[in-house]
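Derivation of every value follows stated rules applied to the coordinates shown; laboratory data play no part. Predicted model, so just to flag it, every value in this text is computed and none were measured. FYI the Cβ positions are ideal-geometry reconstructions off the backbone, even for glycines, and counts take in every protein chain you see.
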Amino acid sequence: MTTEPLEKAYDPRAAEARWYPFWMERGYFHAPTDSDKPPYVIMIPLPNVTGTLHMGHALMVTIQDILIRHRRMKGFNALWMPGTDHAGIATQVVVERELAKEGIKRHELGREQFLERVWAWKEKNGNRILEQLKGLGASLDWPRLRFTMDEVCSRAVLEAFVRLHEEGLLYRGHRLINWCPRCLTALSNEEVEHEDHQGEMWSFAYPLDGGGEIVVATTRPETMLGDTAVAVHPDDERYRDVVGRTITHPFTGHKFEVIADSYVDREFGTGAVKITPAHDFNDFEMALRHDLPKINILTEDARINENGAQFAGQDRIAARAAVKKAIEDKGLYRGRQDHAMAIGVCQRCGTVVEPYLSWQWFVKCRPLAEVAQQAVRAGRTRILPELWKKTWDHWMDNIQDWCISRQLWWGHQIPAWHCQNCREVTVARSAPGACPKCQSTSLRQDEDVLDTWFSSAMWPFSTLRWPDQSTDLRAFYPGAVLETGFDILFFWVARMMMMGLHFMRDVPFADVYLHPMVRDAQGRKMSKSLGNAIDPIDVIEGISRDELIAKTRTYPVPQHKLPQVIDWLKKEYAEGIPASGADGLRFTLAIHAAQVTDVKLSIPRVAGYRAFLNKIWNAARFALMRIGDDVVLPLADVRAQLSVAERWILSRLDHAVEETDRALLEYRFDDAANAIYRFFWSEFCDWYVELCKPTLLADGDSPAKAAVRATLVHVLDTSLRLLHPICPFATEEIWQKLPSLGRYREQGIDSIMIAPYPQADPTLRDAAAEKEIARLIEVVTAVRSLRAEYNVPAGKKIGACVQADDGFAREAMLGFSDEIRKLADLSQLVVERRGETPRESAVGHLEWCDVVVPLAGAIDLDAEQARLRKEIEKTGKELEKLQRKLRNEDFLAKAPPDVVDKDRGRLAELGTIKAKLADTLQRLGG
RNA sequence: GGCCCCGUAACUCAGAGGUAGAGUGGUAGCAUUACAAGCUACGUGCCGUGGGUUCAAAUCCCACCGGGGCUACCA
């Protein structure tokens with residue numbers, strides 16, 4: 001009577017293909033709105049429709065799916081909300097590039113037709129990344145899938161805009177913003193990245209009207225065309241006389257003054273600053289204070305405009321050189337210095353951004369931010385790991401108004417209408433029939449669209465049909481946790497907090513958990529241009545070395561670096577990447593996901609963890625082959641028949657259950673993965689499976705055998721459920737074959753993913769059994785060590801003797817003599833009091849016993865003597881250290897008594913061991 | 001410039017006052033009734049450096065060195 005044996009090795013491909021559709025068909029990912037279970041909600045960080053999966057996504061999905069599956073099994077109505085965002089700039093750029101191939105420009109097509117093209121592109125390509133998430137096992141509630149530009153979300157976005165405007169928290173202003181001259185749109189501060197750059201500080205003199213000059217310095221000489229003042233510190237003696245004097249611009253001829261402002265740093269440069277209000281944020285502020293004119297000198301694409309005199313029409317790079325040359329020609333050049341500076345570039349395209357004066361829409365963030373900050377301070381939302389709290393506070397303390405308008409076509413068009421007659425701007429939920437001010441019907445909708453992050457900020461409630469007070473909204477707001485990378489703490493998390501608190505009067509999530517950034521084994525950011533980006537799909541499915549190299553060649557690696565990158569790939573991936581399956585990748589990521597800022601992921605190590613899944617597979621294979629088809633009793637029915645070994649493994653299992661569950665509740669994914677790994681491999685496979693074999697493999701039936709069969713199934717069933725959130729596919733594949741399946745089916749449970757998560761059970765704890773088996777393991781290991789050390793050929797039968805003074809210990813070892821003989825490969829085992837060590841024997845001294853292996857003729861006297869001397873020396877050193885400690889009056893007086901007692905006990909043990917070692921050495925004639 | 005994080009075995013990392021750990025790799029041996037994606041055994045640590053606090057420091061404090069990140073207006 002045997003069950004059909006499992007295949008020899010675990011095949012992730014088959015399991016993944018089988019179970020994802022199974023779960024989907026049964027609707028197990030779906031969280032019903034009308035459930036009476038408590039809700040547990042995670043909103044997925046919206047991938048861009050243009051995006052493809054990278055390791056960061058893989059980590060994100062792994063963590064969130066672990067959380068969701070764990071809570072679902074624990075009885076929550078777990079909703080993992082899927083969606084994508086429309087990624088304004090990125091998507092528009094992609095489609096424009098596609099059009100360029102056909103030789104079409106966006107403006108030739110017109111707004112409406114262009115948007116049709118973008119929608120078409122989105123329908124065709126926008127779900128690729130979602131399909132990839134399925135490959136990782138993500139248990140997202142697919143029927144609820146939303147898109148930031150769909151009707152439901154768009155309605156919420158417009159409503160939010162109008163309400164914020166009504167409340168005076170959103171306004172239109174003529175202000176300086178960051179402008180990308182290539183994307184031709186405004187950017188928020190967060191969309192500007194700062195790159196270190198070696199620039200120069202270039203000095204020149206402005207001649208003062210009526211004689212004299214004042215020397216200023218700049219890193220951007222071309223901006224002098226827009227200068228409308230020179231500022232000095234009011235208390236600066238050097239410039240006391242020039243304040244109020246006028247300057248005639250050497251090129252444009254306009255006149256401006258030397259002003260005094262305490263913002264100026266007297267120590268820096270000459271102590272005099274040129275002021276360009278239209279092209280510098282600080283200068284803009286100063287212009288407001290002093291009511292200075294703001295002269296814009298740039299066109300949208302960063303050319304000098306008509307205000308730039310003879311330089312008009314030149315682009316900014318050429319203009320810089322030309323301005324410098326012209327200044328030199330006038331004899332006004334006053335020197336240069338190297339100057340390290342950070343330069344702002346567009347996050348999307350890398351182009352140097354310009355501060356640019358224009359009409360834009362802004363959200364007044366300060367009042368919103370204060371509420372959000374207060375919520376965090378009050379613990380209504382926790383930011384985890386805690387180290388990010390400071391970063392959060394720093395940003396919130398310094399928050400500035402948020403520029404939300406973008407000069408793009410792809411996005412939510414701003415619900416504001418400009419009167420062509422009186423220029424009145426009307427914000428409304430739908431197009432007004434006439435201008436409320438002048439009744440003109442000549443209205444034009446604002447052409448700009450909203451920042452993608454504006455719509456993302458509404459995500460936790462826009463997806464639930466806000467502003468309708470829908471049942472979804474009541475059921476699923478607020479969420480449990482927002483899990484994402486720390487790089488979008490401000491882009492997204494902070495803004496959801498602000499909007500959630502404002503519109504819903506409640507935080508959008510109880511916890512913010514920020515996961516580490518995935519880097520390569522050297523700690524470098526994984527990026528295609530570095531050539532070190534590994535596609536998660538290649539880890540799951542495997543890829544040969546040559547294919548990997550070919551793929552990397554298609555990445556934008558700079559030509560001169562390519563040979564180096566290829567060499568590295570050849571070395572690092574000499575054998576290519578073996579197929580580790582989704583579970584192998586997930587387990588690896590989980591075990592790396594400590595509460596830190598970086599995960600250094602060495603891809604070849606993933607293969608090491610796929611071995612763990614195979615180990616589980618094979619342990620199950622063994623059990624299923626040997627359990628046979630007869631009915632297996634539930635554990636409860638065999639509790640009275642459990643031997644020490646069963647009681648031990650069940651006690652250890654309970655530790656693992658408790659540890660794993662707690663770790664998952666505390667976002668300690670590494671601890672959870674480790675606890676399962678250790679238990680399953682080092683305890684269950686290494687010891688229990690071996691210990692149970694004699695009983696299990698014996699002929700016939702017996703209560704003992706029934707107990708073993710029940711225990712094996714119970715341990716497998718429990719550990720699979722324990723591991724399921726981390727490795728969903730393999731656990732389902734195996735769990736479906738266990739004899740316990742029938743009992744679950746009776747309760748309507750036909751999948752591990754809806755089975756209950758294991759709970760710690762104090763009645764399974766058994767300290768006595770743990771101690772006994774720990775001793776057994778020590779003895780077996782000691783014998784094995786001695787055998788190996790003396791090169792006893794494997795298979796050669798020898799005897800051994802355990803000498804212990806403790807009667808209980810002796811009794812226990814006697815009881816285990818069959819097990820010890822088998823595991824240590826001994827012909828016989830003697831258990832006796834500690835006494836004389838026979839000659840020609842190797843001895844292992846444990847704290848509670850000596851393990852003696854007689855090795856007549858086999859023993860190398862010199863080697864054994866040397867080994868013993870080394871041991872004695874080591875023990876002696878430790879002994880001395882302890883003695884010194886215990887002689888220290890302060891220690892005895894101040895240390896807690898239990899610490900002192902512990903050290904005293906240890907001193908005695910070490911003393912015994914050392915004496916035994918010395919005795920043995922003496923007997924060997926040393 | 002300010003702030004934050006990290007320096008522990010060859011590698012990747014846990015440990016956060018009380019005997020320095022795991023996994024991987026390495027070395028040697030092994031076809032032992034599930035597993036060679038396996039089994040058994042074995043090693044190395046001035047816990048970055050220098051001070052301090054403490055009976056006791058890898059752990060707490062200070063400074064420094066090295067690596068990384070965030071942030072900022074030094075024109």
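In a simple Cβ point-charge model (Lys, Arg +1; Asp, Glu -1; nothing else charged), segment A:766-858 has a dipole of about 440 debye relative to its Cα centre.
If R0 is taken as 60 Å, the Cβ-Cβ distance between A:A550 and A:D468 corresponds to a FRET efficiency of 0.70. Pairs from the list A:K881/A:K914; A:K37/A:K74; A:K390/A:K600 with a Cα-Cα gap above 19 Å: A:K390/A:K600.
Between A:S442 and A:D291, the contour length at 0.36 nm per residue exceeds the Cα-Cα span by 50.9 nm. In terms of surrounding Cβ atoms within a 10 Å radius of their Cβ, A:H394, A:H279 rank from fewest to most as A:H394, A:H279.
Quick one: work out the % antiparallel among DSSP beta bridges in chain A, nearest 5. Antiparallel bridges: around 65 percent, rounded to the nearest 5.
Peptides A:220-229, A:915-924, A:626-635, A:740-749 ranked from most to least packed by the mean count of surrounding Cβ atoms within 10 Å: A:220-229, A:915-924, A:626-635, A:740-749. Among A:R106, A:R709, A:R18, sorting on how many other beta-carbon atoms sit within 10 Å of each Cβ, with the fewest leading, yields A:R18, A:R106, A:R709. Here segment A:193-353 was treated as a single set of alpha-carbon atoms; its pair distances binned every 5 Å from 0 give 2, 9, 17, 22, 23, 16, 8, 3, 1, 0 percent. As a length-normalised measure over Cα pairs under 8 Å and 6 or more apart, the relative contact order of chain A settles at 12 percent. Converting the Cα gyration tensor eigenvalues of segment A:766-858 into ellipsoid dimensions via √(5λ) gives semi-axes, longest first, of 21, 15, 11 Å. Relative protection proxy for A:640-649, A:63-72, A:730-739, A:602-611, from highest mean packing down: A:63-72, A:730-739, A:640-649, A:602-611 (other beta-carbon atoms within 10 angstrom).
Computed over the alpha-carbon atoms, segment A:860-926 gives an Rg to Rh ratio of 1.15, Rh here being the Kirkwood radius from the mean inverse distance. The distance between label points at A:D397 and A:E131 comes to 4.9 nm (points 7 Å beyond Cα on the Cα→Cβ vector).
Here the label points at A:R765 and A:I317, each 7 Å from Cα along the C-beta direction, are separated by 7.0 nm in the simple model. The smallest convex shape that holds all Cα atoms of chain A, its convex hull, gives 253 Å³ per residue.
For segment A:33-64, there are no residues whose amide N sits under 15 Å from a probe point set 7 Å from the Cα of A:E123 along the beta carbon direction. Each Lys and Arg contributes +1 and each Asp and Glu -1, all at the Cβ; summed about the Cα centre of chain A, the dipole is approximately 600 debye. The listed peptides A:849-855, A:710-716, A:295-301, ordered by packing as a protection proxy, come out as A:710-716, A:849-855, A:295-301 (highest mean of other Cβ atoms within 10 Å first). Here the Karplus curve 6.51 cos²θ - 1.76 cosθ + 1.60, taken at θ = phi - 60°, turns the phi angles of segment A:808-816 into couplings of 5, 5, 4, 4, 4, 5, 4, x, 9 Hz, with x standing for Gly and Pro. By the beta-carbon count within 10 Å of each Cβ, the least crowded to most crowded order of A:Y263, A:Y10, A:Y555, A:Y688, fewest first, is A:Y263, A:Y555, A:Y688, A:Y10. Multiplying the residue separation of A:K255 and A:R904 by 0.36 nm and subtracting their alpha-carbon distance yields 224.7 nm.
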